[in-house]
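Throughout, read-outs are computed from the coordinates displayed, never taken from laboratory work. These figures come from a predicted structure and were not determined experimentally. Cβ: placed from backbone, ideal geometry, glycine included. Neighbour counts: every protein chain shown.
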Amino acid sequence: MTTTLMATSKRRLNISLSEDVNQAIHFLAKRDKVPEATKASELLKIALEIQEDEYWNKIAEDRDTKDAKFISFEEFWKDALSN
């Protein structure tokens, strides 16, 4: 019986890429002198951060109304730290 240990504890994900996405990742990885998997992981992280930004932006836009109550920075932290 042979046991093969992975060089990393990171989770692996097997995905299918369109040819244009594959070429883009290949080019960017080569340009940045990193493995393609590293570049793909970096790009996924950026995409997730953009999604998060869009989520929080939508909440902020929904709260930004003419009758919105504004509080000072000091008042916010006073209330936040008292809870």
Nearest-0.05 FRET efficiency for Tyr55 and Arg11 at R0 = 25 Å, using Cβ-Cβ distance, is 0.60
Here the FRET efficiency for Trp77 versus Asp20, based on Cβ atoms and R0 = 41 Å and rounded to 0.05, is 0.30
In Å, the Kirkwood hydrodynamic radius from C-alpha pairs for the chain sits at 17.6
Most packed first (mean Cβ within 10 Å per residue), the peptides 21-33, 64-76 order as 21-33, 64-76
For Lys66, the lysines lying under 23 Å Cα to Cα, once residues fewer than eight places off in the same chain are dropped, come out as Lys58
